[in-house]
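Asker: Handing you a structure now.
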Amino acid sequence: MKTNTSSQTSSTCNATDSRKKCIENLFTRFAVYYGHLWRSQFKSDGFLEFAKKEWLEGLSQFSDEILNQVIIDCRDHCEMPPTLPQMIGFCRDIKRRNSFNVVPEKYQPASKEVVEENIRQCKAYLFK
């Protein structure tokens, strides 16, 4: 059982390491895109690390694919570097755009009474 817990912790760490690399990539790419505007926000190494942790936490609900799409969109459309709340909003927008609603396969037609009532209301409206 102890080994199982270790492997779970290890896989969690690996996922976290992957996510940390994604945030590192985001910060590096934004430094390239926005230059001094981006880098000047982080006056000290301590604050930079704190900011990365906050961004990691704020963006953890989104996949790497969504983050990459947002990074490219920022590069192509944003003159100023985005704030964390703006990034979260951009990610939500892309997530919504990429998802779709699946209708259940089981179709249940309306009851005869409901159909007759709606037809009666239509006739009453049309033949006033």
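The values are calculated or read from the model by the stated rules, or taken from the named source; none is laboratory data. This structure is a prediction, so every number in the text was calculated from the model and none was measured. Methodologically, a virtual Cβ is constructed for each residue, glycine included, from the backbone with ideal geometry; neighbour enumeration extends over all protein chains shown.
Asker: With of a type outside the set (Lys, Arg), part of a helix (DSSP H, G or I), surrounded by 13 or more Cβ atoms within 10 Å (Cβ to Cβ) and at pLDDT 95 or above as the only criterion, which of Val70, Val32 stands out?
Answerer: Val70
Asker: Mind checking which residues of the range 35-47 are touching a residue at least 12 places away in the same chain (Cβ under 8 Å) and either in contact with a strand residue (DSSP E or B) (Cβ under 6 Å, 6 or more places away or on another chain) or assigned to a helix (DSSP H, G or I) (or both)?
Answerer: Leu37, Trp38
Asker: Another question, if that's okay. Yes or no: the range 50-65 includes at least one residue that is over 18 Å from Cys22 (Cβ atoms) and small (Gly, Ala, Ser).
Answerer: Looking for residues that are over 18 Å from Cys22 (Cβ atoms) and small (Gly, Ala, Ser), one finds none in the range 50-65, hence no.
Asker: Could you please give the count of residues in the range 100-123 that are modelled with pLDDT under 90 and not in a loop (DSSP other than H, G, I, E, B)?
Answerer: Selection size over the range 100-123: 0.
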